[in-house]
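The values are calculated or read from the model by the stated rules, or taken from the named source; none is laboratory data. Since we're looking at a predicted model, the values are computed, not measured. Every residue, glycine as well, gets a Cβ built from its backbone with ideal geometry; the counts of neighbours run over all protein chains shown. All accessible areas refer to the heavy atoms of the entire protein, side chains included, with ligands and DNA or RNA removed. Shrake-Rupley method; radii C 1.70, N 1.55, O 1.52, S 1.80 Å.
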Amino acid sequence: MPTLVMKFGGTSVATLDRIRRAAKRVGVEVSKGYDVIVIVSAMAGKTNELVGWVQETSPLFDAREYDAVVSSGENVTAGLMALVLQEMGVPARSWQGWQVPLKTTSAHSSARIEEIGTENINGKFAEGMKVAVVAGFQGISPEGRITTLGRGGSDTTAVAFAAAFDAERCDIYTDVDGVYTTDPRISSKARKLDRIAFEEMLELASLGAKVLQTRSVELAMRYGVKLRVLSSFEEQTDTSGTLVCAEEEIVESNVVSGVAYSRDEAKMTLISVADRPGIAAAIFGPLSEAGINVDMIVQNISEEGRTDMTFSCPTDQVARAEAAVKKAKDAGIINFHALDADTNVAKISVVGIGMRSHTGVAAQMFKALSAEGINIKVITTSEIKISVLIDRKYMELAVQALHDAFELEKAA
Ligand code: ADP
Ligand code: ASP
Ligand code: MG
């Protein structure tokens, strides 16, 4: 039997009625002759609630217990989905990550998938089970502890299953009907794209477009998984939604394909550090050991042997980052006068493979922002993206301005 992977995100399983609606979609694919692996998220809002409880207990929590708590939302939905399918007469059962087993590294709260055992599930398919409902976002570490794959990780579970089971396709059902030129909740002018290249989707995701978790796009690209994003609220045909595919499969593309934003950024500046060989290693070594995801880095011109070093990281890592640099200072590894944390910034990025062959995109971006009176604090670029850090209060305005400047309302 051909296998299909169908993933339903939080809003698509937010209530029993929605689980029933999703199950009907699954039933349609089963009736076409597929063995289906359904990956489910926790009900909308559940994971946030669980994370909130953990944070309330301690700001520097034990990540193993965090995973034990926050993975639980998916268990509930997996069981409910299996029950609903059984009620419909479809042979189905639920699987938690460890039962599959889905083996991961022991990097709690952001573990990576190492291996998916296919034997147990295939054995059940051979016995006549039609649907395996798997709790997304979770796995088991070599130490036998429950792990989670980072926020939005069910997308990655889905793609990894599609690769492991050689599925015909991996369909990601969500609350929008595809990938748009920017978040449709921020700009009413956003346009749905019929196709988007893996590389572009990878950049958009890593720069904040949470429609797909970054790692899921990486895996799909590596294993050639046919990945589709579509709405669980609308009737679907075989060509609905957005296909994430290889660059060669896209006939015409714009210079800029999309605008992404990330609200939860913080800018941290170490004021007056000694400018000497090895200073960057001395600062960023301890931050990396503390698990801080440092993104942008800027070092000022030095004056009298001292300089300011600025970096950005997610807002929720500020406390850990501060603790790490203070510890390094106390140990005499680095020396700085003050530490300034600005948690009111946002990152805005423009992405497009067309940038490889077009010049002037950065200039056009800066001009559009300047026309709105928006000050740029930090800039970084790569082959197919340009990112800037700005005051968070201008975030929506900046997204609209860039969407207009690059005429993305004409995209398709
Ligand atoms: P799910 O719960 O189904 O995993 P998510 O909330 O994680 O859904 O992702 C879907 C959301 O991603 C949409 O509701 C939308 O607001 C947001 N989003 C951000 N950028 C984009 C984009 N470029 N295209 C489509 N959706 C986007
Ligand atoms: N429930 C998890 C989260 O909210 C995983 C997911 O939905 O993909 O991050
Ligand atoms: Mg998601």
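Using 0.36 nm per residue of separation minus the Cα-Cα distance, give me the extension gain between residue 306 and residue 233 in nm, one decimal.
20.6 nm
To the nearest 10 degrees, how steep is helix 361-371 against the longest Cα principal axis of the chain, on a 0 to 90 scale?
70
So if we plug the beta-carbon distance of residue 248 and residue 327 into 1/(1 + (r/R0)^6) with R0 = 60 Å, what FRET efficiency do we get, rounded to 0.05?
0.75
Which of 363, 280, 335 sits closest to the plus end of the dipole of region 269-379, meaning its Cα is farthest towards the positive end, when Lys and Arg get +1 and Asp and Glu get -1 on the C-beta?
Of the candidates, 363 comes out farthest on the positive side.
How many nm is it between the label spots at residue 56 and residue 143, if each spot is 7 Å from the Cα in line with the beta carbon?
2.7
On a 0 to 90 degree scale, rounded to 10, what angle separates helix 46-57 from the longest Cα axis of the chain?
50
Per residue, how much accessible area does the chain have with a 1.4 Å probe, in Å²?
About 45 Å² of surface per residue is accessible.
Among the lysines, select those whose C-alpha is under 16 Å from the C-alpha of residue 192, and discard any that sit fewer than 8 residues away in the same chain.
The qualifying lysines are 210, 410.
With a 10 Å cut-off between alpha carbons and a GNM built on the chain, which of 106, 312, 370 moves the most?
Among 106, 312, 370, the largest GNM mean-square fluctuation belongs to 370.
Using helices alone, what [θ] at 222 nm do you get for the chain, with -39,500 (n - 2.57) per DSSP H run of 4 or more residues, divided over all residues and rounded to the nearest 500?
Rounded to the nearest 500, it is -10000 deg cm²/dmol.
Determine the gain in length on full extension of the stretch residue 299-residue 28; use 0.36 nm per residue of separation and subtract their C-alpha separation, reporting nm with one decimal.
91.9 nm
At 0.36 nm per residue, minus the direct Cα-Cα distance, what do residue 316 and residue 337 gain on full extension? Give it in nm, one decimal, please.
5.2 nm
Any idea how far the Cα center of region 67-130 sits from the one of region 284-316, in Å?
40
Decide, for region 271-390, between rounded, prolate and oblate: order the square roots of the alpha carbon gyration tensor eigenvalues as a ≥ b ≥ c, take rounded if a/c falls under 1.5, and otherwise choose prolate if a/b is larger than b/c, else oblate.
prolate
Using Cα atoms only, what is the angle between the long axis of helix 16-31 and the major principal axis of the chain, expressed in degrees (0 to 90) to the nearest 10?
60
Who wins for biggest fluctuation among 190, 401, 126 in a Gaussian network model of the chain, springs between alpha carbons below 10 Å?
It is 126.
How large is the dipole of region 177-286 about the Cα centre if only Lys and Arg carry +1 and Asp and Glu carry -1, each at its Cβ, rounded to the nearest 20 debye?
With Lys and Arg at +1 and Asp and Glu at -1, about 440 debye.
Counting only protein heavy atoms and a 1.4 Å probe, tell me what percentage of the chain's accessible area is made up of carbon and sulfur.
Carbon with sulfur: 48 percent of the solvent-accessible area.
Of 390, 135, 154, which is farthest towards the positive pole of the chain's charge dipole, taken about the Cα centre with +1 and -1 on the beta-carbons of Lys, Arg and Asp, Glu respectively?
It is 135, whose Cα lies furthest towards the positive end.
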